[in-house]
């Protein structure tokens with residue numbers, strides 16, 4: 001006879017939480033690298049759209065190991081609500097695909113790894129992708145998980161919340177470039 005699985009989600013004080021009160025995303029970070037001949041502001045524009053705020057985007061100019069100039073474009077959202085909203089900007093289709101691929105995109109540190117096609121994003125289309133020939137923006141969404149929580153369940157509920165928010169707000173909307 002099989003036993004039923006009981007999922008216990010808790011807050012910081014280890015008190016049970018109803019499913020609607022899951023905190024979800026602790027923070028989100030996005031990063032891309034532009035070569036010295038690329039326009040790093042294209043990367044920055046796409047990233048600003050993802051985070052919803054130009055002020056959160058930073059461009060660091062440096063040299064690669066071999067001495068050629070590169071630009072690292074970064075954005076990090078530490079506010080939980082803004083981080084979740086950033087995820088919702090991916091749109092329902094991309095979020096549903098992300099949810100289906102959680103087993104390959106989430107690591108042991110409860111981070112969901114996301115790669116978006118930069119050129120598609122600039123054209124107003126959010127495309128989840130893998131490393132390859134096209135330029136990507138790498139995202140990392142750190143989930144807020146506490147002892148006793150079932151990580152996969154927290155991830156699933158968090159992405160469901162982002163999907164609902166995405167539908168409510170009509171994302172993805174075309175980035176301004």
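The values are calculated or read from the model by the stated rules, or taken from the named source; none is laboratory data. Quick caveat: nothing in here was measured; it's all calculated off a predicted structure. Every residue, glycine among them, receives a Cβ derived from its backbone with ideal geometry; neighbour counts consider all protein chains shown.
Annotations
- Whenever a residue of segment 106-125 is at positive phi, its partners that are surrounded by 18 or more Cβ atoms within 10 Å (Cβ to Cβ) and not in a loop (DSSP other than H, G, I, E, B), lying with C-beta atoms within less than 6 angstrom and at least six residues away or across chains, give the pairs 110/143.
- Matching residues in segment 75-107 - criterion: being out of contact with any helix residue (DSSP H, G or I) (no Cβ under 8 Å at 6 or more places or on another chain) and not in a loop (DSSP other than H, G, I, E, B): 80, 81, 83, 93, 94, 97, 100, 103, 104
- Matching residues in segment 116-163 - criterion: being in a loop (DSSP other than H, G, I, E, B) and touching a helix residue (DSSP H, G or I) at 6+ places or on another chain (Cβ under 7 Å): 126, 127, 134, 135, 145
- Test result for residue 151, modelled with pLDDT under 95 and surrounded by 15 or more Cβ atoms within 10 Å (Cβ to Cβ): no
- Residues that are modelled with pLDDT of 50 or more and touching a strand residue (DSSP E or B) at 6+ places or on another chain (Cβ under 6 Å) do occur in segment 5-23.
- Contact map, segment 47-58: first residue closer than 20 Å to residue 123 by Cα, second residue at pLDDT 90 or above and assigned to a loop (DSSP other than H, G, I, E, B), Cβ cut-off under 7 Å, separation 6 or more or different chains; pairs are 50/89; 52/89.
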